[in-house]
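Asks: Here it is: the structure, laid out below.
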Amino acid sequence: MKLARTNTSPLGEPGFEYHQQLWGDMIYGTREQLQSIGIAVGMAFPGESGGPKRQMTVTDPRGFPTTISDSYEGIFSASIPFPGRDRKKRWIDYAAGVRKCTEIGWCDEYIGTVVALAAAGLVRLDQMPGQPGMRKMRVTILPDGTPQEGATSNHSTARDSGAKVIERASKAEYLVRVGIPDDEKQRRSERVQGAKRQWEARMLALPRPAPLIELPDAIGTTVKVKPVPQYRADGNVLYLLPKSAP
C-alpha cells in the first residue's frame, strides 16, 4: 500500500518518484536527484566507476539505513525501511536443523541445511539446485515428483498440493516451499489477509518520520480526498503533477 507519491523532483524535473510505503520510503531517481535530497552525497553509485557492482548501504539525512540498488536506464532505487515496521515471519522448530513457517497463503516454508532438509524427508539430495539435471538457482518439483521443465513460475501445477520450490536462502541454508491442499489454502488465505489488515492498521496509526522533501499528506485507506490544484487522487495514492501538466 502506497500512502503518498510524487512523480517530480524537488526542482520539477521528471523521472523522480517518492513513495511512502507502510514500511518506510521507496525513492527512485537519478544519482543527481537522489543526491539533491541528501542521499549518498559525493559517492559513486552501484554500477558506476568506483562504486559497488549492484547495491550499497548508506545513511539518509534522518539517520535511517538506506539501500541503493543498481539502476535501470539511469534510475536508481533507494529503499529506506523505518525501525519497528517490518513484517517478520514467525518460524517454529520443525525438525533437527529445520525451521517451519505457515504464514504464506499457498504453502508451508522450511529453512535448513541440505543435510537437515533431506533428513526431515522434505527433499532428496539429487533434487537440490545445481545437481545434475537440476536448475542452478531454483528447482520446482511437481506433485508427481518430477522436476518442472520450461518456465519456472507459470506451470499450471507448480503451486498444487505437494509441489515443492527449492532455492538458496543463505550461504549455508536452503528454503523449501511445499504447496498445501486447496481447502487449507482458503483457510490460510483468510487468516493471512486478516493479519495483514491488522498490521496495516497498526502501521497507519504510528507516527511517521518527516519525508526528505515536502509531500502531500498521507492518505489513509478510508479517507476521501478532495482534488486540489497540481494533485490527482487515485484510491489511496496521491500524485503530484509536474507544473507543465494540464
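Asks: GluC sites (Glu not before Pro), restricted to segment 58-153: which are DSSP loop and have at most 10 other Cβ atoms within 10 Å?
Replies: Glu73, Glu149
Asks: Using only the alpha carbons of segment 29-168, determine the length spanned along each of the three principal axes and report them from longest to shortest in whole angstroms.
Replies: 55, 34, 27
Asks: Here's a follow-up. Rank the residues Val139, Val41, Val178 as a footprinting-exposure proxy: fewest other Cβ atoms within 10 Å of their Cβ go first.
Replies: The fewest-first ordering by Cβ neighbours comes to Val41, Val178, Val139.
Asks: Using Cβ contacts closer than 10 Å as the measure, can you line up Cys101, Cys107 from fewest to most?
Replies: Placing the least packed residue first, the sequence is Cys101, Cys107.
Asks: For Trp199, Trp106, what ranking results if the residue with the fewest other Cβ atoms within 10 Å of its Cβ goes first? Could you put the intermediate results ahead of the total?
Replies: Values: Trp199 14, Trp106 18.
Ascending Cβ contact count within 10 Å gives the list Trp199, Trp106.
Asks: Net charge near Cys107: determine it from the other residues with C-beta under 15 Å of the C-beta of Cys107, scoring Lys and Arg +1 and Asp and Glu -1. Display every interim value, and only then the final one.
Replies: Working: positive: Lys89, Arg99, Lys100, Arg138, Arg159, Lys164, Arg177, Lys185, Arg187, Arg188, Arg191; negative: Glu103, Asp108, Glu109, Asp160, Glu167, Asp182, Asp183, Glu184.
So the surrounding residues net to +3.
Asks: Another question, then. Can you classify segment 32-90 as rounded, prolate or oblate using the Cα gyration tensor, where a ≥ b ≥ c are the square roots of its eigenvalues, rounded means a/c under 1.5, and otherwise it's prolate if a/b beats b/c and oblate if not? Write out the running numbers ahead of the final one.
Replies: Values: a/c = 2.30, a/b = 1.57, b/c = 1.46.
Cα axes put segment 32-90 in the prolate bin.
Asks: Further, regarding this structure: Quick check: convex hull over the Cα atoms of segment 92-184, volume per residue in Å³, rounded to an integer?
Replies: Measuring per residue, one finds 97 Å³ for the Cα hull of segment 92-184.
Asks: Another question about this same structure. Given 0.36 nm per residue, what is the gain on full extension from Asp86 to Leu125 after removing their alpha carbon distance, in nm?
Replies: 10.7 nm
A short reminder: the numbers here are calculations on the coordinates, not readings from a lab. Source: prediction; values computed, not measured. Neighbour counts run over all protein chains shown; Cβ positions are idealised from the backbone, glycine included.
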